[in-house]
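Everything below concerns the one structure shown next.
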């Protein structure tokens, strides 16, 4: 990953605060859990609520939209009043909306409840990242975010499997009752274990400006915008896959609802594994050195996926392994782009975290919508959108984020 820096090589990693990591990882996992758990239930939801497949699929887009919108408010608020209150309010909203989803009798009610559910779920992710930056330096922030990915990454593995079991046992509504129970457990843990981490300097900075001024100041910082776009566009590949995978894997490729969660979970293992390798690599390389190489590796896999999708060579047995390899680059990109962005202006950590999350979910929602509009029953629309996003990620990183060309 490049030359070993003396600072990185000589400094020993700080002891891992496992209690904090598990709690923050669980809070961040509320969003992925609420997305991934019910994907296999979409056909059942459509039948139960007498909605066509497009309307049932729209409940995914409604959640992504809520995640993008909600973070705009939580970030500056957490800088101003502290980290605990926004998280606890978000968990309470998540619990209430999960109950609303479980009791929905029309697809319109479910769409509204999913949007509100996302407004609650996004608090955990945006404020947790700020807490990490409050607590650790630049490199340790990247390592801790990668470790949190291990906890958060269990959601895409376990949630579809659990969702399928709950669907078979008690129907699609049971998925949302479980989400409410999960939120309640995390809320209790937050009340008992989560301590305030926001500094007085951060509070003073937040009180000196309104949120629009904070976001304006951040958007004028070229490197921060570059990190945000690089991470968001790379992450858009994952959102595209999430939205298109039920139709591709169960529809086009003909895998059953019991096999689909295993395929979905295998790709999540790639994300988790790369995140943990990233923690080890950061002992000997800087975050920018890792990003410079990982972005090119991701682009190479995206190009190969595009070629496989267009030519049809190998069919699903080529496309699915390439998806696994592509998502294995995700763990190197996300933690490092977040750490890079959060290091630009630590006194606005909450606002930066909100900006990262908003750009990420907005990019994901746009990419997923484009892939849905191009849907033709083949993997080509998915591959086209993914490759375009990866090209944008590389360009953003190299021309905006990285301070100078890196030899990797």
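What to note about this one:
- Distance histogram for segment 246-395 (every C-alpha pair counted, 5 angstrom bins, percent rounded to whole numbers): 2, 9, 15, 19, 21, 15, 9, 6, 3, 1, 0
- Normalising the average separation of contacting C-alpha pairs (under 8 angstrom, six or more residues apart) by the number of residues puts the relative contact order of segment 16-401 at 28 percent.
- Segment 100-180 shape via C-alpha gyration tensor axes, a/c threshold 1.5: oblate
- Annotation: extensible slack from residue 313 through residue 345 equals 6.8 nm (criterion: 0.36 nm per residue apart, minus Cα-Cα distance).
- Working note: Debye formula, equal point scatterers on the alpha-carbon atoms of segment 73-122, no solvent; log10 I(q)/I(0) at q = 0.14, 0.19, 0.25, 0.31 Å⁻¹ is -0.38, -0.59, -0.81, -1.04.
- Helix-only mean residue ellipticity at 222 nm for the chain, each DSSP H run of n ≥ 4 adding -39500 (n - 2.57), per residue, nearest 500: -26000 deg cm²/dmol
- Estimated distance in nm for a label pair at residue 373 and residue 300, the labels positioned 7 Å out from Cα along Cα-to-Cβ: 3.3 nm
- FRET efficiency for residue 399 and residue 108, using Cβ-Cβ distance with R0 set to 45 Å, rounded to 0.05: 0.55
- Contour excess over end-to-end distance, with Cα ends at residue 89 and residue 266 and 0.36 nm allotted per residue: 60.4 nm
- Per-pair calculated FRET efficiency, R0 = 22 Å: residue 54 and residue 391 via Cβ, rounded to 0.05: 0.15
- Take every Cα pair under 8 Å whose residues are at least 6 apart in sequence, average their separation, divide by the length of segment 123-245, and the relative contact order is 20 percent.
- Residues considered: 142, 113, 201. Largest GNM mean-square fluctuation over the chain, using C-alpha springs under 10 Å, is found at 201.
- Sorted by Cβ neighbour density within 10 Å, fewest at the top, the residues 295, 378: 378, 295
- Residue of 197, 328, 146 that the Gaussian network model of the chain assigns the largest fluctuation, springs spanning Cα pairs under 10 Å: 197
- Shape call, the chain: gyration tensor on alpha carbons, a/c limit 1.5: oblate
Quick note: the coordinates plus some simple rules give every number you see, no bench work behind them. Keep in mind that what you see is a predicted model, and the values were worked out from it rather than measured. When we count neighbours, we look across all protein chains shown, and the Cβ atoms used for this are built from the backbone with ideal geometry, even at glycine.
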